């Protein structure tokens with residue numbers, strides 16, 4: 001297993017008051033994303049555990065793109081990966097952020 | 001974790017039970033917003049064994065447990081996520097179900113609902129998984145003896161196989177859909193051990209007519225046959241709670257007698273369709289294609305498929 005942690009600063013807090021949400025499932029080509037409102041409004045962390053080693057740069061790019069688009073300030077995001085492709089990861093992260101907003 | 005994934009005001013309410021995730025099933029089964037999870041994913045109570053095999057873990061270990069309301073009645077619920085490692089029983093997965101059943105002894109809910117979706121024991125933590133199966137079966141008998149019905153709902157892609165099939169056999173009532181299957185040894189296991197001539201696991205029609213919902217319902221192995229919708233499972237669960245049998249010596253003796261008679265009557269059959277013919281079904285070959293309404297009408301005509309035993 002490979003563990004990756006990314007820390008970002010955001011311009012604003014993610015809207016909504018929901019404390020936590022989960023989406024996805026740990027299955028082949030899929031992943032689960034746990035989101036918790038646990039950080040100061042200008043911070044976001046994404047922690048990943050993946051059985052596929054050596055794709056740290058791809059994860060970094062997908063996470064940076066997600067943070068830029070969603071501005072998920074205040075969220076601690078934890079990912080259990082089942083070998084998902086980058087587009088699936090991107091969709092799941094956005095889906096998770098949306099669940100926290102409603 | 002109470003997000004409402006299925007909105008009853010939309011078509012989503014009729015969503016497929018088979019296709020839904022374990023969380024979506026719970027969400028649609030219970031009264032809106034009533035589910036309260038115990039040991040939720042935020043507690044990260046994950047498998048201690050899977051990292052040894054370099055395998056990914058799930059936050060809830062594929063088992064979601066908690067309390068909720070079903071048409072106002074307090075119930076305890078457990079749901080297996082069949083897409084995570086085939087819904088298999090590992091140490092944490094099993095311990096969460098055992099804990100829920102033991103809590104039922106103290107809380108005395110109107111029922112415990114188990115949403116099965118499992119291939120059986122998780123091979124990577126087999127000893128702990130096997131122990132969990134035994135502990136769950138023991139706990140279910142204790143809960144039933146205390147007067148709380150335990151209802152199994154089976155309609156997921158993994159079915160209820162292996163130890164999951166054994167646990168299902170200890171429930172007060174079982175609800176099954178077309179897609180749900182109940183058995184101990186799965187099709188591939190039988191084929192591996194006994195050869196394709198004994199059981200061809202690639203013959204999907206054979207698999208479904210031997211282990212599928214209609215066959216189990218016809219032979220009294222399940223007590224209700226439901227459409228593959230969340231709404232149908234909710235209604236069937238309510239009906240099952242109202243009709244749960246007593247759990248006493250008379251019930252067990254009646255069940256033993258029923259099983260002995262079943263073996264004597266059907267023991268020499270080579271195919272499920274032969275059994276259906278002996279049960280009095282006029283056109284056994286047509287059974288797999290029957291709609292739920294047609295199948296229920298057939299059951300009513302046979303009059304022998306509902307037992308208070310089990």
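Modelling each spin label as a point 7 Å along the Cα-to-Cβ direction, I'd like the residue A:98/residue A:4 distance in nm, to one decimal.
2.3 nm
So what is the calculated 222 nm ellipticity per residue for chain B, using -39500 (n - 2.57) for each DSSP H run with n of 4 or more, over all residues, to the nearest 500 deg cm²/dmol?
Numbers: 11 runs with 123 residues, N = 310.
Here the helix-only value at 222 nm equals -12000 deg cm²/dmol.
Report, for the stretch A:2-101, the % of DSSP beta bridges that are antiparallel, rounded to 5. Walk me through the numbers before you get to the answer.
Details: 20 of 26 bridges.
Taking every DSSP beta bridge with both residues in the stretch A:2-101, the antiparallel ones total about 75 percent.
Would you mind telling me which residue in B:221, B:82, B:147 has the biggest mean-square fluctuation in a Gaussian network model of chain B, where springs connect alpha carbons within a distance under 10 angstrom?
Between B:221, B:82, B:147, it is B:147 that shows the largest mean-square fluctuation.
Against the longest principal axis of chain B, how steep is helix B:230-242, in degrees 0 to 90 to the nearest 10, with axes from Cα atoms?
Roughly 80 degrees between the two axes.
To the nearest 10 degrees, how steep is helix A:86-101 against the longest Cα principal axis of chain A, on a 0 to 90 scale?
So the helix axis and the longest Cα principal axis differ by about 30 degrees.
Find how much the distance from residue B:166 to residue B:254 grows on full extension, using 0.36 nm per residue of separation minus their present alpha carbon separation; answer in nm with one decimal. Mind dumping the intermediate values first?
Details: separation 88, 0.36 × 88 = 31.68 nm, distance 1.88 nm.
Net length gain for the segment: 29.8 nm.
Counting other beta carbons within 10 Å of each Cβ, put B:136, B:38, B:77 in order, fewest first.
Working: B:136 25, B:38 15, B:77 28.
Lowest count first: B:38, B:136, B:77.
When DSSP beta bridges are limited to those with both residues in the protein assembly as shown, what percentage is antiparallel, rounded to the nearest 5?
55 percent
Starting from the Cα of residue B:19, move 7 Å in the Cα-to-Cβ direction to define the label point; list residues of the stretch B:225-264 whose amide nitrogen is under 17 Å from there.
Only B:227-233 pass the distance filter.
From the alpha carbon gyration tensor of the stretch B:1-142, can you work out the equivalent ellipsoid semi-axes (sqrt of 5 times each eigenvalue) and give them in Å, largest to smallest?
With the √(5λ) rule applied to the stretch B:1-142, the semi-axes are 25, 19, 12 Å.
Please determine, in degrees from 0 to 90 and to the nearest 10, the orientation of helix A:56-70 with respect to the longest principal axis defined by the Cα atoms of chain A, where the helix direction is its Cα long axis.
Roughly 30 degrees between the two axes.
Return the distance in nm (one decimal) between the two label points of a simple spin-label model at residue A:58 and residue A:91, each offset 7 Å from Cα along Cα→Cβ.
1.6 nm
Return B:197, B:42, B:261 ranked ascending by Cβ neighbour count within 10 Å, so the fewest neighbours appear first.
Working: B:197 7, B:42 20, B:261 10.
Listed from fewest to most nearby Cβ atoms, that is B:197, B:261, B:42.
Please report the antiparallel percentage of the DSSP beta bridges confined to the stretch B:11-302, to the nearest 5.
Values: 12 of 32 bridges.
Once the DSSP bridges in the stretch B:11-302 are tallied, antiparallel ones form about 40 percent.
Two decimals, Cα atoms only, Kirkwood Rh: what is Rg/Rh over the protein assembly as shown?
Values: Rg = 22.6 Å, Rh = 22.5 Å.
In the protein assembly as shown, Rg relative to Rh is 1.01.
Given the options B:51, B:149, B:245, which has the most mean-square fluctuation in a GNM of chain B, springs set between C-alpha atoms less than 10 angstrom apart?
Looking only at B:51, B:149, B:245, the biggest GNM fluctuation is shown by B:51.
Enter the Cα centre distance for the pair the stretch A:56-85 and the stretch B:160-214, rounded to the nearest angstrom.
Here the two parts' Cα centres lie 40 Å apart.
Round to the nearest 0.05 the FRET efficiency obtained for residue B:53 and residue B:108 when R0 = 41 Å and r is the Cβ-Cβ distance.
Values: r = 40 Å, r/R0 = 0.98.
Using R0 = 41 Å, I get an efficiency of 0.55.
Can you tell which of B:199, B:247, B:35 shows the greatest fluctuation in a Gaussian network model of chain B with Cα springs below 10 Å?
So, out of B:199, B:247, B:35, the one fluctuating most is B:199.
Any chance you could check the Cα centroid distance between the stretch B:81-113 and the stretch A:14-41 for me, in angstrom?
The stretch B:81-113 and the stretch A:14-41 have Cα centres spaced 24 Å from each other.
Order these by the 10 Å Cβ neighbour count, fewest first: A:28, B:47, B:177.
Numbers: A:28 8, B:47 23, B:177 28.
Result, fewest neighbours first: A:28, B:47, B:177.
Computed from the coordinates by the stated procedures, all read-outs in this text should not be read as laboratory data. Keep in mind it's a predicted model, so treat the numbers as computed, not measured. Here the Cβ is made from the backbone with ideal geometry for all residues, glycine too, and neighbour counts use every protein chain on show.
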